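S.K.: Let me give you the structure first, and then I'll get to my questions.
The values are calculated or read from the model by the stated rules, or taken from the named source; none is laboratory data. Just so it is clear, the structure is predicted and the values come from calculations on it, not from any experiment. With ideal geometry, Cβ positions are generated from the backbone for all residues, glycine too; neighbour counts draw on all protein chains shown.
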Amino acid sequence: MFGLGGGILIIPFLTLVEGVPVPLAVGASIVSVVATSSSSAATYVRDRLTNIRLGMFLEIGAVAGAITGAFVSVFLPAAALFILFGMLLLYATTVMIRSRRLDFPSKVLPDRTATLLGLSGQYEEHTKNTVVKYEVTRTPVTLFVAYFAGIVSGLLGVGGGIIYVPTMNLVSKIPVKVASATSNFMIGVTAAASASVYLFRGDVDPILTAPLIIGVAGGAILGTRILKLTPPTRVKIAFGLLLATISILMILKGFNIPVVL
Amino acid sequence: MLDLNRLISYSLRIGVLTSALLSLVGLTAWAATGYANLSRASGSGVSGTIASAASGNPAGLIYLAVAVLVATPVFRVALSTFYFARDGDKRYVLITVAVLSMLIFALVSGVSG
C-alpha cells in the first residue's frame, strides 16, 4: 500500500515476536518481499499508476547497490547500519510530513535526463476524478540515491521502498501515488537479487517462508485496493507515522536496547 | 499484441500465483509427512530442486516455489527488453539489458559464493 515490500514489518515480527534467529528472519523476509512487490506491482502496472520507464532506469542504480550491499555486508558492523538507517528514516519522516501539501507539484521543469528518456507521465487520480500529468526532475540525484537504497536493501534484507518513495516524491517531484507504485515495481528486482544470495547461502527456511508467500499473495491484493481510493495527503501522513515508529525501533536496536512489541 | 503494462501485469501475477500454489502444495505435503524436520538445503542446484519437487518432497516443492518467485521479476525485465527491442527503443533496450546482466551476475555469483 505504501510502496514498501513489507520487509520492514516482517523482520521485527519474526525476530521480536516469534523469536526466529535473525539470518533466517531476513532470508524469509526478502523472499516474501519479492512476493509482495510482484503481486501489488501487477495491479499498479495494469492501472497505469507505475512509471515503468522511470522504474527501469532507477533499477540500474538500485540493483548495482543491492549487489554492492551483499558484498560489503561481510565487513560492516550491523549495529552501525541500524543506527544510520534509523536516522535516515527519521529525516525522511519529518520532510514527508512537513511537505504534505506538495501532492500535485506544479511548474516542474524536467531535467535533461528525464527529457532524453521520456520520463514524464500521467495517471488517473480516482479520489478527484481527474487525470494528473507530471514531469520528472533531478533524475541523476534520484538515481544516485537509488544506488544507496540498493545497498541498504542488500545489507538488511528489505526492499528499499522506504527510501525510494520519499526520494522520488521530494527530489524528483513525482506524485506520491506514482512514487509508491514505481517503488513497488523496482523492489521486486532488488529483492530478487538479494534473495538469490540468501537462498544459496541456505538462509531460506522452507516452513517459515511458505506461509509468508501464501499470506502475502493475499494481503497485497487488499492493500492495492485501499491506495487507489485514499486521498494522497492521507497516504503521506500514514506513511510518515509508519516511518517514525520504525526509525525509533531501529535506533534502539542499534544501541542494543531490547525492543518488545 | 498486448501492450507493455498488460504483459508485465500478467507475467507478475502468474509468477506469484504459481509460487503461492507450489508453497501450498509443499506445506500440505509437509503436513502429510507428520511435520517432519526439513533440512535447509543450500545450493542443491536447479535440476536437483526440480527433481526433488517432482518426487513430492515438501522442501523441494517449497524451494521450487521460492525459485519461481525470485525468477518472476527477472523474467519481467527480460520481457521488457524484448518489448523495447520490438519497438526499436534503443535507449531502453540498453537500460533493461544493463539491469538484466547485473541480475544474472547476482544469480551466478550467488551460486558460486
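S.K.: Would you point out which residue out of A:Phe200, A:Phe185 is within 12 Å of chain B (Cβ to nearest Cβ), among the aromatic types (Phe, Trp, Tyr) and crowded, with 24+ Cβ neighbours inside 10 Å?
M.R.: A:Phe185
S.K.: Considering only segment A:193-212, I want to know if a residue exists there that is modelled with pLDDT of 70 or more, of a type in the set (Ser, Thr, Tyr) and under 18 Å from the mean Cα position of the chain (by Cα).
M.R.: There is at least one residue in segment A:193-212 that is modelled with pLDDT of 70 or more, of a type in the set (Ser, Thr, Tyr) and under 18 Å from the mean Cα position of the chain (by Cα).
S.K.: Among (1) facing chain B (nearest Cβ under 9 Å); (2) out of contact with any Gly (no Cβ under 6 Å at 6 or more places or on another chain); (3) at pLDDT 85 or above, where does A:Phe71 come up short?
M.R.: (3)
S.K.: Could you tell me whether B:Gly15 is within 9 Å of chain A (Cβ to nearest Cβ), within 26 Å of B:Val108 (Cβ to Cβ) and modelled with pLDDT of 75 or more?
M.R.: Yes; evaluated as a whole, the condition is true for this residue.
S.K.: All but one of (1) at pLDDT below 80; (2) more than 10 Å from chain A (Cβ to nearest Cβ) hold for B:Ala29; state the number of the condition that does not hold.
M.R.: Every listed condition holds for B:Ala29 apart from (1).
S.K.: Would you mention how many residues in segment B:54-77 are within 11 Å of chain A (Cβ to nearest Cβ) and without any contact (Cβ under 8 Å) to a residue 40 or more places away in the chain?
M.R.: Total meeting the criteria: 10.
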